[in-house]
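> Provided herewith is a single structure, encoded as structure tokens, for subsequent inquiry.
The values are calculated or read from the model by the stated rules, or taken from the named source; none is laboratory data. All figures in this text were calculated on a predicted structure; none of them were measured in a lab. FYI the Cβ positions are ideal-geometry reconstructions off the backbone, even for glycines, and counts take in every protein chain you see. For the accessible areas, the whole protein counts, side chains as well, though only heavy atoms, and no ligand, DNA or RNA atoms are used. Shrake-Rupley method; radii C 1.70, N 1.55, O 1.52, S 1.80 Å.
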Amino acid sequence: MYVRQKAIPLKKVKRVEELSKLFESYDSILIVNITGVTTPVLHEVRAKLREKGSVVKVVKNTLARLAIERVSKKKKGLKKLKEYLKGQNAVIFTNENVFALKLFLDKNRIPREARAGDIAQDDIVIPAGNTNFAPGPILSLFSKLKIPTSIKEGSIWVTKDTIVAKAGEEISAELADLLKKLGIKPIKVGLDCKVAYTDGVVIPKDLLEVDLNKIRREVEEAIQAAFNLALNSIYPTSETIGFIVRKAYAEALNLSINVALPISETLPFIIAKAHLQASLLKKLIDEKSG
């Protein structure tokens with residue numbers, strides 16, 4: 001029995017063609033998780049990435065897989081990206097270094113209002129000062145959350161900085177409501193990178209993590225080790241030549257003093273040394289003769 005295949009909507013065909021061209025045109029690709037990312041946050045991050053010449057496309061996983069399949073013969077290793085197309089995703093097409101772009105995404109997370117059930121990413125602090133709220137029912141909310149307050153100049157004042165949720169704790173509905181009223185946005189959201197592709201290599205998320213402080217320490221240690229080696233092996237460079245000359249001068253001066261070579265630089269030291277030795281000798285003679 002012949003079963004007629006359902007025609008693929010033209011909109012989906014054009015979308016696959018668009019994605020195929022992007023996969024083919026850009027050097028590097030990142031698949032990012034956008035679960036829980038609001039539309040305003042996505043627009044803001046997209047605008048920042050556009051300034052860097054990168055393109056962000058929210059994708060349907062099935063269509064993205066079809067586009068990858070089309071281009072995979074032209075780009076080695078691209079097929080492996082299909083494994084990461086689960087859940088809600090966007091694809092970033094870029095010619096930037098993928099590690100630099102991952103750092104950029106991490107640094108450019110957008111703050112949003114807390115919702116009940118959110119987990120505090122860092123300690124959430126209600127700062128001391130004027131809330132600009134008139135005394136009223138809201139006072140009970142401050143009291144329930146154990147935030148010390150006082151009434152001054154017709155307003156509610158928080159009397160000291162107060163931690164209302166520690167990192168890792170769940171945010172209650174009451175706290176979310178108060179934070180919203182205070183204009184505090186403690187939850188930072190952004191595009192969470194799942195995998196990157198560049199030069200035919202697929203790089204999972206854990207390998208994209210870069211500890212800049214650790215790298216800085218390692219570079220500083222390497223520079224110090226190289227400097228010490230160059231100095232001890234008397235290898236002249238712009239960084240070491242000054243130290244080498246000063247070390248050589250000090251060693252030559254010590255040698256001249258020890259062999260009593262009378263030159264303008266050493267004569268004062270030689271005389272001082274001779275005087276000290278003569279004084280010590282006289283002291284020993286006086287002790288024995290006495």
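> Being touching a Lys or Arg at 6+ places or on another chain (Cβ under 6 Å), in contact (Cβ under 8 Å) with a residue 24 or more places away in the chain, under 21 Å from CYS193 (Cβ atoms) and assigned to a helix (DSSP H, G or I) is the requirement here; does LEU42 meet it? Write out each step before concluding.
Numbers: touching a Lys or Arg at 6+ places or on another chain (Cβ under 6 Å): no; in contact (Cβ under 8 Å) with a residue 24 or more places away in the chain: yes; under 21 Å from CYS193 (Cβ atoms): yes; assigned to a helix (DSSP H, G or I): yes.
Spelling it out, it is not the case that LEU42 is touching a Lys or Arg at 6+ places or on another chain (Cβ under 6 Å), in contact (Cβ under 8 Å) with a residue 24 or more places away in the chain, under 21 Å from CYS193 (Cβ atoms) and assigned to a helix (DSSP H, G or I).
> Give just the number: which of (1) touching a helix residue (DSSP H, G or I) at 6+ places or on another chain (Cβ under 8 Å); (2) in a helix (DSSP H, G or I); (3) surrounded by fewer than 16 Cβ atoms within 10 Å (Cβ to Cβ); (4) not basic (Lys, Arg) does ALA100 not satisfy?
The number of the failed condition is (1).
> Checking ALA173 against (1) farther than 25 Å from VAL58 by Cα; (2) in contact (Cβ under 8 Å) with a residue 12 or more places away in the chain; (3) in contact with a strand residue (DSSP E or B) (Cβ under 8 Å, 6 or more places away or on another chain), which single condition isn't satisfied?
(3)
> Right, here's the next one. Restricting the search to the range 73-97, which residues are under 20 Å from the mean Cα position of the chain (by Cα), under 18 Å from LYS57 (Cα atoms) and part of a loop (DSSP other than H, G, I, E, B)?
Of everything in the range 73-97, just one residue is under 20 Å from the mean Cα position of the chain (by Cα), under 18 Å from LYS57 (Cα atoms) and part of a loop (DSSP other than H, G, I, E, B), namely GLU96.
> From the residues in the range 213-237 that are open to solvent by 100 Å² or more (accessible area, probe 1.4 Å) and in a loop (DSSP other than H, G, I, E, B), which one is nearest to LEU105 (Cα to Cα)?
The selected residue is TYR235.
> Still on this structure, I have one more. Within the range 170-212, how many residues turn out to be out of contact with any helix residue (DSSP H, G or I) (no Cβ under 9 Å at 6 or more places or on another chain), surrounded by 15 or more Cβ atoms within 10 Å (Cβ to Cβ) and part of a loop (DSSP other than H, G, I, E, B)?
The qualifying residues number 1.
> Tell me the residue from GLY117, GLY53 that is in contact with a strand residue (DSSP E or B) (Cβ under 8 Å, 6 or more places away or on another chain), assigned to a loop (DSSP other than H, G, I, E, B), closer than 16 Å to VAL189 by Cβ and touching a residue at least 40 places away in the same chain (Cβ under 8 Å), please. Break it down into steps so the answer makes sense when it comes.
Details: GLY53 fails: closer than 16 Å to VAL189 by Cβ.
Every option except GLY117 fails the conditions.
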